[in-house]
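To start, the structure under review is shown below, and the notes come after it.
The values are calculated or read from the model by the stated rules, or taken from the named source; none is laboratory data. Everything quoted here is computed from the prediction, not taken from an experiment. Here the Cβ is made from the backbone with ideal geometry for all residues, glycine too, and neighbour counts use every protein chain on show.
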2 protein chains.
Amino acid sequence: MNTSKLKLEVCLTPALLHLHDIAESIVVVIDIFRATTSICFGIENGVKAIIPVGTIFECASYRNSGFLLAAERNGEIVEGFHFGNSPFAYTPQKVNGKTIVLTTTNGTRAIHEAKQAHTVAIGSFLNLDALCDWLKAENRNICLLCSGWKGKTNLEDTLFAGAVIEQLKEAGYTLDDAGVLASDLYSLAKDDLRKYLQKSSHTERLQKLNIEEDIIFCLGANTTSSIPILKDGKLVKLDIEATFPANV
Amino acid sequence: MNTSKLKLEVCLTPALLHLHDIAESIVVVIDIFRATTSICFGIENGVKAIIPVGTIFECASYRNSGFLLAAERNGEIVEGFHFGNSPFAYTPQKVNGKTIVLTTTNGTRAIHEAKQAHTVAIGSFLNLDALCDWLKAENRNICLLCSGWKGKTNLEDTLFAGAVIEQLKEAGYTLDDAGVLASDLYSLAKDDLRKYLQKSSHTERLQKLNIEEDIIFCLGANTTSSIPILKDGKLVKLDIEATFPANV
């Protein structure tokens, strides 16, 4: 595989995505706490499809569809919805075979803004290895899109971008400066991600939400192998066998 | 001084400045290669005032004013102008007592966008210590505004933000996640900034411009002590004695 001229870029927040030419790229959407972690876990556990929507109103409009409705704002479940974005709501018992309509503070906005990409995929520590193996095989420009927090950079999404770069950099992609930054930050933090994230300005916010179990879960690497991708406006499980025919 | 509730934020590019509430803050504009370095050097060397303007056209409109006209785009002097943004153009012989009209690819845009701040100051490695001493004494929220490269993050401006944070963090400011990131990046790079910056995606661009001497100069810490601030649309030397009356 010749990736010597392929680009591996990091977009530190959706507010900067317009500066990236993504028409021919794979965009990996990252929202570690907790939207993309929950999406990966849900798809692994048999969710048929997740429909990401921008607003609570749009989510509510599906109330007679038979779908599960998930809405989170500022880290909490919006009143009246089935659940928010805690991964523990996405167990096989609850979601197998279901379609979920999802709106979150940051992650679903990022997915929406990435729609112009060649392919939109969903990344989290849960599917890190599977995602990286697939990205390497695709031989295409990559943009790692951090959802951040209300338009600003956050540490956990940047660290995950760094974890992807660590696996991909031997393949010879050209990194941008945000990629160098994410990669070096990850090298500093990787031995104890939880401890490193105590530095985050969001630590207090997350503590107030009482989601320590969620955080530990979200930082656990390679507990799943499914790659959610956006197809006709819905997140579905990538058919790896169709993608790697030579391996069949 | 009680700074325990003061914020020290890093804005990684001007494209994100609208997310920061700067009305009561000092915004430090950073464009290490090379606009803010040259501004610091010029002000130290007796420039009366620097007028930052957004466009080449606006800069050219001053042609009968008797001012020096400096215009840079993509790292090069724009044809027909007196000079661009190499600090070596800002020696005492050339600039003492003069007014300069300046437009650059990134730095003057950042200055323009920061105008709503309580105070706009100019930072570079040249005036690092003087700037930090002044910031500590001001007892005010701070936003370190990296000019970046055409809206995207760059390493050198982020590193300088980290250098400022290293001096200020003992004073007890609350850091945002971009601040943590800048600070940790600086701790990795500070022993040899020049070597670290070889990693930058802009290395090739800078090499093509043949400005190695400029780069070394721009990374030299504490060669000046003036702090340029924006006053009535012009960058002038801060009157430190007026700011620190107790020291007089």
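Against the test of being more than 14 Å from every other protein chain (Cβ to nearest Cβ) and either farther than 30 Å from B:LYS98 by Cβ or basic (Lys, Arg) (or both), the options B:ALA178, B:ALA221, B:ALA171, B:ALA182 yield a single qualifying residue, B:ALA171.
A:ASN139 - would you say it is touching a residue at least 40 places away in the same chain (Cβ under 8 Å), under 22 Å from A:CYS11 (Cα atoms) and of a type in the set (S, T, N, Q)?
Working: touching a residue at least 40 places away in the same chain (Cβ under 8 Å): yes; under 22 Å from A:CYS11 (Cα atoms): yes; of a type in the set (S, T, N, Q): yes.
So A:ASN139 passes the test.
Evaluated against (1) polar (S, T, N, Q); (2) over 24 Å from A:GLY46 (Cα atoms); (3) more than 13 Å from the chain's Cα centre (by Cα), A:THR99 falls short on exactly one condition, (2). Taken together, the residues in the range A:198-211 that are in contact with a Leu (Cβ under 9 Å, 6 or more places away or on another chain) and either modelled with pLDDT of 95 or more or more than 11 Å from chain B (Cβ to nearest Cβ) (or both) amount to 1.
Residues checked against (1) surrounded by fewer than 17 Cβ atoms within 10 Å (Cβ to Cβ); (2) in a helix (DSSP H, G or I):
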position	(1), (2)
B:VAL180	no, yes
B:LYS195	yes, yes
B:GLN198	yes, yes
B:LEU206	no, yes
B:ASP214	no, yes
B:THR223	yes, no
B:ILE229	no, no
B:LEU235	no, no
B:ALA242	yes, yes
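Answer yes or no as to whether A:LYS5 is basic (Lys, Arg) and either at positive phi or modelled with pLDDT of 95 or more (or both). For A:LYS5, the condition - basic (Lys, Arg) and either at positive phi or modelled with pLDDT of 95 or more (or both) - is not met. Of the strands (runs of 3 or more DSSP E) lying entirely inside the range B:1-119, those containing at least 1 residues that are among the polar types (S, T, N, Q) span B:99-103.
Comparison of A:LEU144, A:LEU128 shows that the only residue that is within 24 Å of A:TYR186 (Cβ to Cβ), in a strand (DSSP E or B) and at pLDDT 95 or above is A:LEU144.
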